[in-house]
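The values are calculated or read from the model by the stated rules, or taken from the named source; none is laboratory data. For clarity, every value in this text was computed on a predicted model and none was experimentally measured. Here Cβ is always computed from backbone atoms with ideal geometry, including for glycine, and neighbour counts include all displayed protein chains.
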Amino acid sequence: MSKIKKFYRPENLDTALELLSDEKNMVIGGGTTVAMNVPGSISGLVSLKKLQLSEMKVTGSKVEIGGGTTAQELYKWEGINNVWGGILTSACRNIGSTLTRNLVTVGGNIVSVFPWSDIPVVLMLLDGNVVSTGNNKVPFQKYFEKSPVSQGYGKDKIITGIEIEKNTGNEGYFWETFQKTKVDFAMTTICGLIKTENKIVKELRLAIGAVSVLPVRLTGVENALIGKELTESALREALKKEFENVKIRDDFRVSKGYICEVTENLIVKNLMKGL
Amino acid sequence: MSKKFKVVKTSVEKVDGYSLVAGRGVFVDDIDLPGMLQIKMLTSPHAHAVIKSINIKKAEALEGVHTIMTHENVPRIPHTTAGQGFPEPSPYDTYTFRRKVRFVGDRVAAVVAETEEIAEEAMKLIEVEYDVLPAVFDPKDAIKEGAPIIHDEEDCYIPIPVAYEPERNLCAHVDVEAGDFDKAYAESDVQVDREYYSHYAQHCPMEPHICIGYPDENDRLVLRVSTQVPFHSRRITAQCTGIPIRKIRVIKPRIGGGFGTKQEVLLEDVVAFAVMRTGRPVRWALTRKEEFISSRTRHPQYVNIKIGANKDGKINAMEMKVLSNTGAYGSHALTVMSNCGSKVLPLYRCKNIRFWGDTAYTNMPVAGAYRGYGATQAAFAMECVISEVAQKIGMDTVEFRKMNHIKSGEGSPIFEKLGEGKEGVPQTIGSCGLAECIEWGEKEIEWGKKNPPSEPHKRRGKGVAILMQGSSVPEIDMGSAFIKMNEDGSFNLLMGATDLGTGSDTVLSQIAAEVLGTTEKFIIPYSSDTDFTPFDVGAYASSTTYLTGSAVLKTAEKVKEQIFGVAQNMGPFKDCSVDEMYLEDAQVKCKTCDKTISFSDICNFAMYAKDQFQIAACESHITHKSPPPFTAHFVEVEVDTMTGKVDLLKYVAPVDCGTPINPILADGQTQGAVVNGISFALTEEYFFNEKGVMLNPDFNNYKILSTVDMPELKTTLIDTYEETGPFGAKSVSEISINGALPAIANAIYDAVGVRINNGPFTPEKVYMAMKELKK
Amino acid sequence: MELKLNINDKLHVLDIEPGDLLVDVLRKSGYKSVKIGCREGTCGTCTILLNGNAVNSCLVFAADCEGASIHSVESLGTMAEPHPLQEAFVKHGATQCGYCNPGSLLSAKALLNEKPDPTEEEVKEALDGNLCRCTGYVKRIEAILAASKKMRS
């Protein structure tokens, strides 16, 4: 007596979009979220498997990753090992277990975004775009401003992939997550990029996730520190100030005060390490 | 000390191993029965409420629904779900369905339908009106005056003469004293008085509870159950349903782990009623969520330890006060609490000992048996306090333990005073390899050596805990075996003992093979089926190898005698005396002549030639001692001061289990128990909201360790010989789950100077304690 | 609806419901080695190889697997002729209750297909989704390393 009466495997994007225009139908990427819980109003599933969206390639200054690429494929792909200090590889490695990484797709991970989703936090840091049907491109930072589902992704537009501007050099990147066990939903995740000259901060990017519903770029901290000498006290002060603006989500596993302290400590540790 | 064996003490391949790895092993759910119906249980959303009304009409009318059971249409028979010997030392406070619900997840109504989906739809159509009552969640509050009374019914009682005061939520009470604790404590140079709390946890067998029932061709009820206690399952199902025992058959196929949660008769009554009502095969399988919420848990406990010692390191006085939380029903409430004292206090030589235990009812999930069985909770408190006493005296914590731990030939007044629902059995320690365990562990962990941390913001520390358990419940539990011989010289070994993954079929086959002079390949073990296998209490209390092992040994000896008798009747051995005969290589041999007779010839002669009879025997065994296995656990941790996270670097667990009948399997028991213990100590916990709802009933949020979380783990078996055990064996399965909490807590203290007195040792707890210390 | 699946190198034409999960379809088709422990992709007892990748079959819609190649543990070896991994699991004590064995064996198989000579860390990572409450993992890891050695020689 399954609620699902139809299962579609469209072979082109137009058909997929047409199917998704019916409100009874729902898109599935890897399918892992929907398999556990089909929303009550849904009676048809639209799989994107036949759309051939799983290509990964490096073209000129860009890395292009298809939306149907699995987390495991991306994690194992050498093409991103040396891009942005390999932090995307680390993030992909952290998604679920090997078994779920073989199912979870990049598109799925950035459409049905959970607070602990691993790819979004890293994308907040990078230069690049989410690419959807009609070759629509939205910079990562703008894309994650609101819940992707509320923006119509997976309904009137399908994510075909992401494109990342290749950067040069591997110095100064960091990514760290904090969770109970190695296969766990993150309680806080931080990542960043710092470049200094004679202790003066030349470039600084910081993003955090899991502590908030959507990932957050800490632009306040970035602005406060760029052009200045990096000291622990200045950094902590800037972080504390910025956290006042971040809406820390309820997580029954940890208290808000504690997880903020940990987030701050992890950022401090990683930034000061480079000096 | 060590003796020579042929089959015993070798790591023969697990007898069901190839079947399991080939995916052939047949578990409860792996059969298809035509027309099988499904059960889904509607459970209480309230922690404490009276069902004012329940309307099942709409649900019953749904197509595909066969029957719905509630307290209004199912007989109310007080019983306990605890699968223990009869009469059980647990209160009869449970009814198949009840008018009052006592925890979130308590039974309300069972829907029997064509499919699980239909049953779930029907559940939504059942209209229940509740009178919500005030609830109480902490055992300390529960036993205060004025607390809501959880069991206010008139017909609940405990079937043995022990304290039971449900009118004040007191489910069990025990107090015993040896010597004069107060005086000795007051006179001690050093006194430590601390309270520890061990938390809610679930067993997490990979196979959740499941039961399939069907009527056989003679209208007897057959139950295929994932159970550790097939005979108790049969008895309690009969009690609840009124079906006579002779009309029930319980089959235990392969079981996907139990760890105590399947020492519980949890599903059988409802399945039995459903089969009676529908005449169809019926299946009830718990989901993982239900397994967490509505099956059984470890008893959370407050354990208060007082120890008085002299400056020279001698322990004068020990007191243990336990307040155990049994949740809504009193399954194993008395015995888990008593076991805190009986498996932990005897470890240290001391004349003045007091034990005080209370078990309280609360409106929380129901606790039950869980590997370690109280010793886990109590050892946490005891082993932390022992370290603190040593530190207060200024002694090394290992030296202090060496000086005070019990040794071979010594007894403890606790053995005699504290039993299971009655007084205990006096005993002195036979085999004891604890000193060797400590020595091995010290070396392996490099005790006394402080290693530098891997990063500047991290701190390293080492910790120790020593432990004992028991082997079966003396003079209460009974095991038995039946062996018969076949024409090819093989033997059927039928046992009520319950292999639930432990390897007992293999171990017991080895014991039989050793006696019968054959190999385990010629033993065909079968466990368990109440129609075919003789009675055995089941797999609990670390009993199978020690208790059923002795029954198998006795049975095999009887069979051996019969084989000798047949041999004497046969031509070649006419002039040989039985005293000269022995069994080897599946043959009867004689010490004086060089003649041999094969087992095959023996059996054929007995069956077909002369004075025909079936070579077969059945023997039973009870024990008069419960010889403890011993272990010393050592651990090295690294604490991250920036997050409070505790990383386990190395864990060392040498175990004295007497003769390991099968060393690889014994070692596997140790490793499994250790990792479960570590997981409990570091990550596993139940989160509840203010209404008593568990927030994390899934493996996404209730974290058990996976391969990538493993520390370096070193285990070994320390050779001793227990004279009272089969071929020198003692138990091994439970003991090693008890070490992680105290050993890790002691290591955290060594690393960062904070004593965490409640589990699990989450980063937040450690971080906050470190912050507090800085103030 | 009709579904064509290649299970253990044999073509099956199955009649399924559009919302059926792969785990249920496989069990209904007689592949009882595919176990159920959580239905949430967290325990790994339902692991199968889907086009060579180890996945939780409880998280996969059967209808999404049209034409796919599926391997369950029955494809590895038999009791009489076990695969080296199966043999190593028995010899090294990596099987206790056995409920997690089919899944963990398949994760190990997928790893060895890709990396015949894995490090201990790689074994741990490949098996990170296959929970086991009996063994404490040590013997499982030893068994896989031993099998890989044997298979290479």
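Quick notes on this structure:
- Selection status of residue B:678, among the aliphatic types (A, V, I, L, M) and buried (at least 24 other Cβ atoms within 10 Å of the Cβ): yes
- Screening residue B:286 against (1) within 14 Å of another protein chain (Cβ to nearest Cβ); (2) surrounded by 24 or more Cβ atoms within 10 Å (Cβ to Cβ) leaves a single unmet condition, (2).
- Strands (runs of 3 or more DSSP E) completely within the range A:39-124 that count 3 or more residues being farther than 26 Å from residue A:24 by Cα: A:56-59, A:62-66
- Between A:45, A:99, the distinction of being within 13 Å of chain C (Cβ to nearest Cβ), at pLDDT 95 or above and out of contact with any Phe, Trp or Tyr (no Cβ under 7 Å at 6 or more places or on another chain) belongs to A:99 only.
- Qualifying residue in the range A:256-263 (condition: within 14 Å of chain B (Cβ to nearest Cβ), in contact (Cβ under 8 Å) with a residue 40 or more places away in the chain and at positive phi): no
- Residues of the range B:11-54 classified as surrounded by fewer than 21 Cβ atoms within 10 Å (Cβ to Cβ), assigned to a loop (DSSP other than H, G, I, E, B) and away from chain C (no Cβ under 14 Å), total: 2
- First in the range B:243-258 and over 27 Å from residue B:291 (Cα atoms) and touching a residue at least 12 places away in the same chain (Cβ under 8 Å), second anywhere and among the aromatic types (Phe, Trp, Tyr) and not in a loop (DSSP other than H, G, I, E, B), Cβ under 8 Å, 6 or more apart: none
- Selected residue [away from chain C (no Cβ under 14 Å), not in a strand (DSSP E or B) and not aliphatic (A, V, I, L, M)] from B:702, B:686: B:686
- Residue in the range A:128-145 that is within 24 Å of residue A:250 (Cβ to Cβ), in contact (Cβ under 8 Å) with a residue 60 or more places away in the chain and not polar (S, T, N, Q) present: yes
- Options A:239, A:230: the member that is within 14 Å of chain B (Cβ to nearest Cβ), hydrophobic (A, V, I, L, M, F, W, C) and more than 17 Å from the chain's Cα centre (by Cα): A:239
- Evaluation of residue C:20 against (1) in contact with a helix residue (DSSP H, G or I) (Cβ under 9 Å, 6 or more places away or on another chain); (2) within 11 Å of chain B (Cβ to nearest Cβ); (3) charged (D, E, K, R); (4) farther than 22 Å from residue A:98 by Cβ (one fails), failing number: (2)
- The lone exception for residue C:82 - which of (1) part of a helix (DSSP H, G or I); (2) within 14 Å of chain B (Cβ to nearest Cβ); (3) surrounded by fewer than 21 Cβ atoms within 10 Å (Cβ to Cβ) it fails: (1)
- Condition met for residue C:103 (closer than 30 Å to residue C:17 by Cβ, of a type in the set (Gly, Ala, Ser), out of contact with any Lys or Arg (no Cβ under 6 Å at 6 or more places or on another chain) and at the interface with another protein chain (Cβ under 7 Å from one of its Cβ atoms)): no
- Cβ-Cβ contacts under 9 Å between residues 6 or more apart (or on different chains), taken from a first residue in the range B:686-697 that is modelled with pLDDT of 95 or more to a second residue that is acidic (Asp, Glu) and in a loop (DSSP other than H, G, I, E, B), are listed as B:696/B:685.
- Extreme residue, surrounded by the most Cβ atoms within 10 Å (Cβ to Cβ), among residues of the range B:618-642 that are over 27 Å from residue B:669 (Cα atoms) and touching a strand residue (DSSP E or B) at 6+ places or on another chain (Cβ under 6 Å): B:639
Per-residue answers, yes or no, for (1) closer than 18 Å to residue B:423 by Cα; (2) modelled with pLDDT under 95; (3) in the same structural domain as residue B:96 (by TED's automatic domain parsing); (4) in contact with a Pro (Cβ under 7 Å, 6 or more places away or on another chain):
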position: B:323; (1), (2), (3), (4): no, no, no, yes
position: B:338; (1), (2), (3), (4): yes, no, no, no
position: B:343; (1), (2), (3), (4): yes, no, no, no
position: B:349; (1), (2), (3), (4): no, no, no, no
position: B:355; (1), (2), (3), (4): yes, no, no, no
position: B:362; (1), (2), (3), (4): no, no, no, yes
position: B:365; (1), (2), (3), (4): no, no, no, no
position: B:382; (1), (2), (3), (4): no, no, no, no
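- Inside the range B:572-596, residues that are within 14 Å of residue B:606 (Cβ to Cβ) and part of a helix (DSSP H, G or I) make up a count of 1.
- From the options B:398, B:389, B:336, residue that is touching an Asp or Glu at 6+ places or on another chain (Cβ under 7 Å) and either part of a helix (DSSP H, G or I) or among the polar types (S, T, N, Q) (or both): B:398
- Residue in the range B:743-751 that is crowded, with 22+ Cβ neighbours inside 10 Å, in contact with a Leu (Cβ under 6 Å, 6 or more places away or on another chain), at pLDDT 95 or above and closer than 20 Å to residue B:667 by Cα present: no
- Residues that are among the hydrophobic types (A, V, I, L, M, F, W, C) and either away from chain A (no Cβ under 14 Å) or under 9 Å from the mean Cα position of the chain (by Cα) (or both), drawn from the range C:62-78: C:73, C:76
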